[in-house]
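The values are calculated or read from the model by the stated rules, or taken from the named source; none is laboratory data. The structure presented is a predicted model; accordingly, all values stated were derived computationally and were not measured. Cβ atoms come from the backbone with ideal geometry, glycine included; neighbour counts cover every protein chain shown. To get the accessible areas, we keep the full protein, side chains included, count just its heavy atoms, and leave off ligands, DNA and RNA. Shrake-Rupley method; radii C 1.70, N 1.55, O 1.52, S 1.80 Å.
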Amino acid sequence: MASDDRWLERLRLELAWFTGQAALRSRGAGAILRFSRVRPRRRGGFQPLRHDEITPQFLDRAIGALKRWRYDFLGMDEVCRRAVTLREKHRFVALTFDGAPKDLISFAYPVLARHAVPFTVYVPTALPDGVGEAWWLGLEQVIARESRISLMMGEKEQRFTVTGNAEKRALFSHLEGWLRSLPPAELSVAMADLCMRYRIDLAALSREASMDWADLAKLAADPLVTIGSATVNYPVLANMKDAAALREMTMGKAVAEAAFHRDVRHLAFPFGDRTSFRRSHVVMAEQAGFASAVSTIPGIVDAEGRTNLRALPRISWDGRVRSLRMLRVLMSGVAFAPVKPTGSVTSSA
């Protein structure tokens, strides 16, 4: 069913291209693109996180195409300005990267530096500190290696048998959704149990996949790079009490500012979809002193203050797709309904 939905969505975007909607009906001031991992394509059928990966070659092609389409490349400070002023002649694009993976310095930065375009990196500070847990990588490795998997889900032990790649992808999707529904402490306990059973060193795996402070210092020295915060531990804020969620935001900002000796003005909500944060977290972002906060809710940025600066939409590019035509349609905004506010404020002590 999911593959059918992707096919229908691709058909809809291709139709928008061939009917000229992207060229004739572009709206908004511009768009923020979200990427995660940038690395060469890998072999193997079980790659459940492939949608979060693009190749350096595609990044190079995409930047070249955006230049041909006469987009203005902006850092997040300038995005904030464009979002509250009159629409300018050229629409803008902002390139943003989540999670501070090692691939960014190894594969993406050479492409970005060669094109001399600004970009923003959102850092969960526990990862370069070497104490963060990229739990999704541990889950991926367990399922990739094993055909029989057992783990505690709540108070009951569950057992799964997965032989083919399709079954493994389905199990990954099921367990990832369950883990994302847990409060941070329960998620950590569940992953510790799973990794202990299958001898996965999650701490080492997370350190190996993440940039360290020396890598980030190299990026921070580049005037075209904006360093943003993605909290400390990259939790699902909606699963936390309000005081703990605000502490994640303020501490992530404070640690990054101490490391880079500069004001860190921009936040990325961890995961960033509608279920991962609430309207109360948008308010907290302002309380914590952030000028902007980005989500992964798809959409474009309007001018004249019509888009909430602390709930900015982003276009997350699916790494399984390599069509520049579809990129242009998405950038035009014709594929998206106007971004609606996040859910109502709820308070938890």
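For this structure, a couple of remarks:
- Alpha carbon Rg of the range 204-339, scaled by the compact-globule rule 2.2 N^0.38 Å: 1.14
- For the chain, the spread of Cα coordinates along the three principal axes comes to 59, 44, 41 Å, biggest extent given first.
- Counting heavy atoms of the protein chains alone, Ser173 has an accessible area of about 70 Å² for a 1.4 Å probe.
- Per residue, the chain exposes an accessible area of 46 Å² to a 1.4 Å probe, with every protein chain left in place.
- Förster radius 30 Å - calculated FRET efficiency between Arg325 and Arg274, Cβ distance, rounded to 0.05: 0.60
- Packing order of peptides 41-53, 90-102, highest average first: 90-102, 41-53 (average count of other Cβ atoms within 10 Å over each peptide's residues).
- Degrees between helix 184-197 axis and first principal axis of the chain (Cα, 0 to 90, nearest 10): 50
- Scattering profile of the range 139-256 at q = 0.12, 0.14, 0.18 Å⁻¹ [log10 I(q)/I(0), Debye over alpha-carbon scatterers]: -0.59, -0.77, -1.05
- Here the range 26-106 was treated as a single set of alpha-carbon atoms; its pair distances binned every 5 Å from 0 give 3, 13, 21, 20, 16, 12, 8, 4, 2, 0 percent.
- For the chain, the dipole from Cβ point charges (+1 on Lys and Arg, -1 on Asp and Glu) about the Cα centre works out to 1280 debye, to the nearest 20.
- Ligands, DNA and RNA left out, the accessible area of the range 80-185 computed with a 1.4 Å probe is 53% carbon and sulfur.
- Between helix 242-260 and the chain: long-axis angle, C-alpha atoms, 0 to 90°, nearest 10: 70
- Radius of gyration over Kirkwood radius for the range 174-240, both on Cα atoms: the Rg/Rh ratio is 1.08.
- Using a Förster distance of 22 Å, the FRET efficiency for Asp201-Asp129 (Cβ separation, nearest 0.05): 0.85
- Note on the chain: helix-only mean residue ellipticity at 222 nm, from DSSP H runs of 4+ residues weighted -39500 (n - 2.57) and normalised by residue number, equals -12500 deg cm²/dmol.
- Selection from Gly164, Ser106, Gly132, by position along the positive dipole direction of the range 51-174 (Cβ): Ser106
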